[in-house]
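Q: Let me give you the structure first, and then I'll get to my questions.
The values are calculated or read from the model by the stated rules, or taken from the named source; none is laboratory data. All values derive from a computational prediction rather than experimental measurement. Backbone-built Cβ (ideal geometry, glycine too); neighbour counts: all protein chains shown.
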Amino acid sequence: MREPVVTVVGSVNRDLVLTVEELPRPGETVLARGFVEGVGGKGANQAVAAARLGSRVRLIARVGADAEAVLRSLAAEGVDVGAVRTAPESATGIASVVVDRAGENTIVVNPGANAELSVADLPRRLVRSAGEVVLVQHEIAAEVVAATVLRAREQGAVVVLNPAPARPPAPEVLAAVDVLVPNLGELATLLGAQPPVGPAGARELLARAALPCRAVVVTLGADGALVVRPDAPAVHLPAPAVEAVDTVGAGDTFCGALADSLARGADLLAAAERAVRAASLAVTGLGAQCAMPTAAQLDAAP
């Protein structure tokens, strides 16, 4: 088996997580039951998820001058932060996360230095050899996403795009993506449709309005994932039953685990099945990165 190598281009945040009995209604003040501060952002989360599973991971991102502890935390997880640049005039991004007793959450993000990441920050060579994975999300500027996807495609990478937050990429960008990983709401936004319900709704929506990427894996939360490939029937991968504590970071765990498996040479169906199991483990703990499983924990899970 080849060494798995993943390059992640994306966001880095400081996560401020408050746990409450119930999410507050508009105008309502509630008291928190607990508070955790950690490292987040979709780019950082997905990088850590892949690194914990054994990939050699490089992160390309922007942080503020206040990010010394953040960078130490990422490096301790095995993430190469040599390509993370500092934006001295901006603070590191901040995410305020409120989680209720059922694991549901609301999140407000101030992008901070993430908005400073530019096309000029991208290395000329995103990958050293064909078959390496490049993973990117939408918490950075659209032009950086586009340049990453197109450059990675030219260099023979396996390109994975998580279109979150949802915004429709240009057709030529989608056409260069190997695996698109939206959730149901993001899928609806990309296709200009109402959000589908469950795997059957996602399957029907994709059958009516195909996307130009090579494959789509729709994340379905507690329902697992739907894998849609050209010239093959759509496959629903159910998730194992778990007691959810916090769903923050589950989607990022899925993307990181998917990238790790693809970088090992796994086929898409096997990679998605492993990613479903990793995301299911991640929701059993509080916080994003601290709940992400290691390879040993994933292998030991039923």
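Q: Could you tell me how many of the residues in segment 126-137 are within 16 Å of C255 (Cα to Cα) and either free of Cβ contacts under 8 Å to residues at least 60 places away in the same chain or among the β-branched types (V, I, T) (or both)? Break it down stepwise before answering.
A: Of segment 126-137, the ones within 16 Å of C255 (Cα to Cα) are 132-137.
Imposing the further condition that a residue be either free of Cβ contacts under 8 Å to residues at least 60 places away in the same chain or among the β-branched types (V, I, T) (or both) reduces the set to 133-134, 136.
Here the count works out to 3.
Q: On to the next question. Do we have E139 as of a type in the set (D, E), part of a helix (DSSP H, G or I), on the phi < 0 side of the Ramachandran plot and at pLDDT 90 or above here? I'd like the intermediate steps shown before the answer.
A: On the way: of a type in the set (D, E): yes; part of a helix (DSSP H, G or I): no; on the phi < 0 side of the Ramachandran plot: yes; at pLDDT 90 or above: yes.
Criteria not met by E139.
Q: Only one residue in A75, A83 is free of Cβ contacts under 8 Å to residues at least 12 places away in the same chain and either under 24 Å from R52 (Cβ atoms) or among the hydroxyl-bearing types (S, T, Y) (or both). Which one? Walk me through how you get there before you give the answer.
A: On the way: A83 fails: free of Cβ contacts under 8 Å to residues at least 12 places away in the same chain.
Just a single option satisfies the conditions, and that option is A75.
Q: Also, I was wondering about something else. Answer yes or no: is there a residue in segment 57-79 that is farther than 21 Å from H138 by Cβ and touching an Asp or Glu at 6+ places or on another chain (Cβ under 8 Å).
A: no
Q: Out of all the residues in segment 261-302, which are part of a helix (DSSP H, G or I), free of Cβ contacts under 8 Å to residues at least 24 places away in the same chain and either out of contact with any Leu (no Cβ under 9 Å at 6 or more places or on another chain) or among the charged types (D, E, K, R) (or both)?
A: A270, A296, D299, A300
Q: Quick check, is D66 farther than 22 Å from V144 by Cα, without any contact (Cβ under 8 Å) to a residue 40 or more places away in the chain and out of contact with any helix residue (DSSP H, G or I) (no Cβ under 6 Å at 6 or more places or on another chain)?
A: On the way: farther than 22 Å from V144 by Cα: yes; without any contact (Cβ under 8 Å) to a residue 40 or more places away in the chain: yes; out of contact with any helix residue (DSSP H, G or I) (no Cβ under 6 Å at 6 or more places or on another chain): yes.
Considered against the rule, which asks whether it is farther than 22 Å from V144 by Cα, without any contact (Cβ under 8 Å) to a residue 40 or more places away in the chain and out of contact with any helix residue (DSSP H, G or I) (no Cβ under 6 Å at 6 or more places or on another chain), D66 comes out as yes.
Q: Taking R153 as meeting all but one of (1) touching a residue at least 60 places away in the same chain (Cβ under 8 Å); (2) surrounded by 14 or more Cβ atoms within 10 Å (Cβ to Cβ), write down the number of the exception.
A: Only one criterion is unmet by R153, namely (1).
Q: A further question follows. For V57, only one of the following conditions fails: (1) in a helix (DSSP H, G or I); (2) buried (at least 23 other Cβ atoms within 10 Å of the Cβ); (3) not small (G, A, S). What is its number?
A: In the conditions (1) in a helix (DSSP H, G or I); (2) buried (at least 23 other Cβ atoms within 10 Å of the Cβ); (3) not small (G, A, S), V57 misses (1) alone.
Q: For residues that are of a type in the set (D, E, K, R), in contact with a Pro (Cβ under 7 Å, 6 or more places away or on another chain) and surrounded by fewer than 24 Cβ atoms within 10 Å (Cβ to Cβ), tally how many sit in segment 1-53. Quick ask: steps written out before the conclusion?
A: Taking segment 1-53 first, the residues of a type in the set (D, E, K, R) are 2-3, 14-15, 21-22, 25, 28, 33, 37, 42, 52.
Filter again for in contact with a Pro (Cβ under 7 Å, 6 or more places away or on another chain), leaving 52.
Then drop every residue that is not surrounded by fewer than 24 Cβ atoms within 10 Å (Cβ to Cβ), which leaves none.
The total comes to 0.
Q: Next question. Which one of these does V177 not meet: (1) closer than 30 Å to A295 by Cβ; (2) surrounded by fewer than 22 Cβ atoms within 10 Å (Cβ to Cβ); (3) of a type in the set (V, I, T)?
A: For V177, the exception is condition (2).
Q: Further question on the same structure: Condition check: farther than 27 Å from V245 by Cα and either hydroxyl-bearing (S, T, Y) or at pLDDT 95 or above (or both). Does L53 satisfy that?
A: Values: farther than 27 Å from V245 by Cα: no; either hydroxyl-bearing (S, T, Y) or at pLDDT 95 or above (or both): yes.
Considered against the rule, which asks whether it is farther than 27 Å from V245 by Cα and either hydroxyl-bearing (S, T, Y) or at pLDDT 95 or above (or both), L53 comes out as no.
Q: Would you please name the residue that is farthest from the chain's Cα centre (by Cα), looking only at residues in segment 204-215 that are more than 16 Å from V133 (Cα to Cα) and surrounded by fewer than 18 Cβ atoms within 10 Å (Cβ to Cβ)? Spell out the reasoning first.
A: In the first step, residues of segment 204-215 are kept if they are more than 16 Å from V133 (Cα to Cα); the result is 204-212.
Filter once more, so that each one left must be surrounded by fewer than 18 Cβ atoms within 10 Å (Cβ to Cβ): 204, 207-210, 212.
Working: E204: 24, A207: 25, R208: 26, A209: 24, A210: 22, P212: 21 Å.
Checked segment 204-215; the qualifying residue farthest from the chain's Cα centre (by Cα) is R208.
Q: Answer yes or no: is there a residue in segment 4-27 that is among the acidic types (D, E) and free of Cβ contacts under 8 Å to residues at least 40 places away in the same chain.
A: Keep residues of segment 4-27 that are among the acidic types (D, E), which gives 15, 21-22.
Still in the list and also free of Cβ contacts under 8 Å to residues at least 40 places away in the same chain: none.
No, the conditions are met nowhere in segment 4-27.
Q: Just give me the residues in segment 65-108 being in a helix (DSSP H, G or I), of a type outside the set (A, V, I, L, M) and loosely packed, with under 14 Cβ neighbours inside 10 Å, in sequence order.
A: To start, the set of residues in segment 65-108 that are in a helix (DSSP H, G or I) comprises 68-76.
Filter once more, so that each one left must be of a type outside the set (A, V, I, L, M): 68, 72-73.
Result: E68, R72.
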